[in-house]
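Shown next, in structure tokens, is the structure this report addresses.
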Protein chains: 2
Amino acid sequence: MRKKVVVIGGNSAGMAAASRAKRLSPDLDITVIEASRFISYGICGVPYFVSGLVDRQDELVNFTPETLKKQRGIRARTGVKAHEILPGRRRVVCRDLSSGEKLDFEYDQLVIATGYRPTLPPIQGVDLQNVFTVSLLEHGAQMRRALDSGECQRAAIVGGGYVGLLMADALRSRGIEVYLFEQGRQLLPQIDEDMAELLKVELEKNGIQVHLNTRVAEFRGEKGTLQGICTGSELVPCDLALIDVGSAPNTELAVKSGLAIGQSGAIQADSNGLTSLHNVFAAGNCAETTNLVSGEPAFSLLATSAARQGRVVGENLAGMRSTYPGTLETSVEKVFGLGVGRTGLTYRQALENRFDADVVSIEGFDRAPYYPGGAKMHVKLVFGKPTGRLLGAQIVGSEAACKRIDTLAVALSCQLTLDEISQLDLAYSPPVGTLWDPIQIAANVGLRKL
Amino acid sequence: MRKKVVVIGGNSAGMAAASRAKRLSPDLDITVIEASRFISYGICGVPYFVSGLVDRQDELVNFTPETLKKQRGIRARTGVKAHEILPGRRRVVCRDLSSGEKLDFEYDQLVIATGYRPTLPPIQGVDLQNVFTVSLLEHGAQMRRALDSGECQRAAIVGGGYVGLLMADALRSRGIEVYLFEQGRQLLPQIDEDMAELLKVELEKNGIQVHLNTRVAEFRGEKGTLQGICTGSELVPCDLALIDVGSAPNTELAVKSGLAIGQSGAIQADSNGLTSLHNVFAAGNCAETTNLVSGEPAFSLLATSAARQGRVVGENLAGMRSTYPGTLETSVEKVFGLGVGRTGLTYRQALENRFDADVVSIEGFDRAPYYPGGAKMHVKLVFGKPTGRLLGAQIVGSEAACKRIDTLAVALSCQLTLDEISQLDLAYSPPVGTLWDPIQIAANVGLRKL
């Protein structure tokens with residue numbers, strides 16, 4: 001009899017696990033269960049669908065259940081929500097969300113890839129119409145419909161994380177007036193305050209009204225429809241709102257089924273992806289992993305980490321013994337005309353993790369100063385003393401230049417020191433760089449602090 | 001008394017050595033001797049000055065002798081050619097090229113940074129007017145004048161190296177009809193034939209007539225002026241020609257002064273930059289170093305390697321004990337709409353160096369397929385068997401994407417395997433990448449061959 005694999009969650013981690021397992025062991029009988037209507041889509045693409053830069057929603061979708069079956073031999077059930085795992089009986093109890101029918105899936109091996117869940121602030125009005133979060137493809141479609149209807153003129157974004165900033169960009173590009181409220185003293189907690197300030201300036205340059213240190217107290221509505229946002233002191237009228245005050249691993253099913261939850265709040269999983277239940281794996285945003293720099297338990301909300309962790313679990317489903325080393329939280333985003341890349345620990349995180357850390361920031365160029373079309377490139381390196389070992393890096397500059405964060409992510413993976421970074425043989429030509437890459441200029445300047 | 005440092009050669013390596021030494025030891029009395037009229041310029045910028053993309057020649061110049069003296073406290077003598085080193089007397093015998101005056105410079109420490117010299121094919125007519133090589137800023141000015149005069153309509157490029165391709169681009173952008181002749185069976189010997197073919201297609205798409213396997217037998221002229229180029233079979237009329245059939249370390253002064261020449265043909269130098277003569281260093285394109293992958297003696301014609309080697313020599317001039325580890329020959333260039341990046345060994349070079357090598361090539365995208373403006377990205381990895389250790393990499397794609405060769409240069413420096421590359425935590429967002437970076441897709445596909 002063919003071994004049955006059930007994968008709960010049909011995106012980055014789940015799809016990577018299912019695809020990798022099936023490729024290595026074509027005999028596996030794999031079923032992917034997904035609560036939403038879509039599988040295998042890029043949630044990262046939603047802002048570009050909302051803005052209209054991407055015309056059709058289906059451009060964001062890699063596989064439908066039909067093409068997945070045909071091209072990869074993997075079955076997918078959408079609109080089916082897993083409610084409980086019965087490990088003794090090796091079954092997942094589910095419900096078909098449209099018919100209400102109870103469904104039961106038997107497994108030999110199970111993968112939990114339930115992703116993340118946006119945090120909702122505990123205030124009134126979060127359930128009003130046109131108050132959105134972005135965690136499903138459907139949310140993008142809803143926002144786009146709201147915008148296409150022409151009824152939205154003013155939008156409030158609550159929270160200055162990546163999603164908030166990307167949506168501010170998307171909404172502004174459609175001519176919407178945009179207010180952004182962030183409770184903390186800076187945007188983007190994933191980077192340090194000085195770098196986040198560069199993003200704030202970029203937002204403001206593009207007409208976004210940014211309010212830091214500002215708590216939203218209530219979404220005010222009438223007959224279920226959003227009318228405005230109340231901060232302590234004022235009422236800001238708006239007809240669309242987006243909440244991005246944080247996200248957390250979606251552990252609902254795991255908790256209900258008695259799985260161990262790790263220190264980070266995500267489902268406990270070892271480097272093979274195995275949870276506390278026999279033959280049950282977890283992967284992706286819902287699963288615990290290790291921060292490669294601090295060595296501490298962590299979860300990642302990135303699609304990249306999810307896909308890599310999922311791939312490792314897929315190999316283990318197929319009988320290999322693969323390990324996922326952990327995450328550096330390497331990311332890059334484009335916000336209006338600026339890119340922002342980061343990897344490893346910020347200076348703040350390094351101090352919180354009790355590293356004897358120092359920091360260097362420089363301003364370079366992404367191409368030869370005489371070559372047309374160039375932009376400034378801000379590079380910040382966080383390093384340990386007295387060794388000069390890299391602990392993290394941040395880049396703000398043109399979007400393509402910020403992909404250079406990868407260079408530093410590899411350096412970080414290999415535990416290079418500033419001295420070793422200074423000696424790297426990096427590429428140069430006037431249209432794409434400077435003789436001394438800004439990364440190396442930063443390393444050279446940082447060396448003076450050791 | 002202040003220690004006297006004489007640096008022969010006022011570009012990448014020489015300037016890096018002088019500047020670094022002076023910064024670390026402000027007391028040093030440093031003189032830079034340069035045979036040409038300019039110091040501290042980017043020879044890599046010449047094609048963009050010829051094309052007119054860069055308006056003024058002085059935009060390519062970082063320092064004049066005056067600003068170098070004022071800002072860095074370093075003396076420079078231009079138009080002065082070093083003829084011989086007298087090590088017993090610690091003197092360099094020079095001649096002022098304009099006055100003919102003999103000059104004598106005393107040194108405590110000497111740096112030879114005489115760079116490279118373009119090879120001239122042993123055929124008739126290389127001395128005709130409007131037959132150029134590119135090794136000095138002056139050459140760019142001469143070509144630009146020839147083009148600005150409006151008398152040039154058809155150009156022949158002899159040799160399909162980087163300079164040849166960049167100049168083909170520059171000339172074409174000025175409306176010149178361009179013929180390119182390459183004796184070998186491919187363009188760009190620094191990359192493998194399949195990748196070079198992509199560049200050939202790009203050249204042809206842009207109207208360059210590319211002739212491989214074609215030897216130029218003669219530059220034909222009349223009254224000293226170029227009329228055309230003879231291949232064995234035909235006479236191609238042209239009024240401007242550029243020679244790029246290769247370059248070699250400029251070792252003339254070193255040979256005349258009795259310095260040891262290394263196996264590679266460059267001036268023998270250890271990892272500190274010390275030559276066979278006491279207190280005499282060599283750095284840059286004229287100096288021998290090590291290929292970091294093969295471990296063999298090598299020289300590099302890249303400005304980046306020269307600058308890094310020069311910096312190390314500068315530190316040693318100041319009494320440190322710095323070492324230059326060697327070169328990966330990492331480079332990136334933009335040719336018309338394509339970029340090309342490379343690092344380490346090509347497949348051909350790996351076989352020549354007796355590695356048990358294999359290769360993987362994939363075609364990916366430089367951003368999410370649904371995100372506008374994307375381009376294909378061809379990634380080729382060369383790796384050793386059975387370990388999967390990376391030996392070299394090549395990328396052809398959009399210019400900014402090719403800067404990702406740096407990611408692979410670091411991986412190569414750290415001797416990563418395909419497996420480790422597959423696990424790297426690289427950045428993604430739709431405008432600048434794909435969920436699985438093409439670099440990792442290549443590593444994943446390559447793993448199947450192990």
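The values are calculated or read from the model by the stated rules, or taken from the named source; none is laboratory data. All figures in this text were calculated on a predicted structure; none of them were measured in a lab. Note that we place each Cβ from the backbone using ideal geometry, even for glycine, and neighbour counts take in every protein chain shown. Surface areas here come from the heavy atoms of the whole protein model, side chains and all, with no ligands, DNA or RNA. Shrake-Rupley method; radii C 1.70, N 1.55, O 1.52, S 1.80 Å.
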Taking R0 as 41 Å, what's the FRET efficiency between A:Q142 and B:R185 from their Cβ-Cβ distance, rounded to 0.05? 0.10
Quick one: compute the contact order of chain A, relative version, from alpha carbon pairs under 8 angstrom and 6+ residues apart, as a percent. 14
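Dipole of chain A, Cα-centred, from +1 at each Lys and Arg C-beta and -1 at each Asp and Glu C-beta, to the nearest 20 debye? Each step should come with its number before you reach the end.
Values: 48 positive and 49 negative charges, 249 e Å.
With only Lys, Arg, Asp and Glu charged at Cβ, the dipole is about 1200 debye.
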With r as the distance between the Cβ atoms of B:L235 and B:E151 and R0 = 30 Å, compute the FRET efficiency 1/(1 + (r/R0)^6) and round to 0.05. 0.95
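Please give the length that would be gained between A:D419 and A:K256 if that part of the chain were fully extended, namely 0.36 nm times their separation in residues minus their C-alpha to C-alpha distance (nm, one decimal).
Extending this stretch completely gives an extra 53.7 nm.
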Using a Gaussian network model on chain A with a 10 Å cutoff between Cα atoms, which of A:N250, A:N213, A:N272 fluctuates the most? A:N213
Mean separation of Cα pairs under 8 Å and 6+ residues apart, divided by the residue count of region A:183-224: what relative contact order is that in percent? 45
Obtain the nm distance between the two label points defined at A:N206 and B:E218 by a simple spin-label model: each point lies 7 Å from its Cα along the Cα-to-C-beta direction. 6.3
Computed label-point distance, nm, for sites A:D104 and A:E197 using a 7 Å Cα→Cβ extension: 6.3
Out of the DSSP beta bridges found with both residues in the protein assembly as shown, what percent are antiparallel (nearest 5)? 60
Gaussian network model of chain A, Cα within-10 Å springs - most flexible of A:T346, A:T387, A:T327: A:T387
Give me the extension gain from A:L97 to A:Q227: residue separation times 0.36 nm, minus the current Cα-Cα distance, reported in nm with one decimal. 43.7 nm
List the residues of region B:383-424 for which accessible area in the full set of protein chains is at least 30 Å² lower than for the chain on its own; 1.4 Å probe, protein heavy atoms only. B:E399, B:A400, B:K403, B:D406, B:T407, B:V410, B:C414, B:Q423, B:L424
In terms of the charge dipole of the protein assembly as shown, which places +1 on Lys and Arg and -1 on Asp and Glu at the beta carbon, the residue among A:V131, A:G184, A:V32 farthest towards the positive end is A:V32
So between A:L450 and A:T64, what do we pick up on full extension, going 0.36 nm a residue minus the alpha carbon distance? 133.5 nm
Only Lys, Arg, Asp and Glu count, each charged at its Cβ (+1, +1, -1, -1), so figure out the dipole size of region A:312-450 about its Cα centre, rounded to 20 debye. 220
Dipole of region B:293-425 (Lys/Arg Cβ +1, Asp/Glu Cβ -1, origin at the Cα centre): which of B:G319, B:Y347, B:A400 lies farthest to the positive side? B:G319
With +1 at each Lys and Arg Cβ and -1 at each Asp and Glu Cβ, the charge dipole magnitude of the protein assembly as shown around its Cα centre, to the nearest 20 debye, comes out at 940
Let's test the formula: R0 of 41 Å, r as the Cβ-Cβ distance of B:L86 and B:D55. What FRET efficiency results, to the nearest 0.05? 0.40
If you add up the charges near B:A155, with Lys and Arg at +1 and Asp and Glu at -1, over every other residue whose beta carbon is less than 10 angstrom from its beta carbon, what do you get? +1
Among rounded, prolate and oblate, which fits region A:116-264 when a ≥ b ≥ c are the square roots of the eigenvalues of its C-alpha gyration tensor, a/c under 1.5 means rounded, and a/b larger than b/c means prolate? oblate
Leading residue at positive end of dipole, region B:72-117 (Cβ point charges), from B:H83, B:F105, B:G73: B:G73
Is the shape of region B:294-348 best called rounded, prolate or oblate, per the rule: a/c under 1.5 gives rounded, else a/b larger than b/c gives prolate, else oblate, with a ≥ b ≥ c the square roots of the Cα gyration tensor eigenvalues? oblate
GNM on chain A, C-alpha springs below 10 Å: top fluctuator among A:Q71, A:Q153, A:Q415? A:Q71
Tally the DSSP beta bridges in chain B and give the antiparallel ones as a percent, rounded to 5. 60
In the structure displayed, which of A:K376/B:K22; A:K4/A:K70; B:K200/B:K223; A:K403/B:K449; A:K3/A:K81; A:K403/B:K376 lie more than 25 Å apart, Cα to Cα? A:K376/B:K22; B:K200/B:K223; A:K403/B:K449
Taking a ≥ b ≥ c as the square roots of the eigenvalues of the Cα gyration tensor of chain B, is the shape rounded (a/c under 1.5), prolate (a/b larger than b/c) or oblate? oblate
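Just add up the charged neighbours of A:A13: K/R +1, D/E -1, any other residue whose Cβ is under 10 Å from the Cβ of A:A13.
Cβ neighbours under 10 Å give a net charge of +2.
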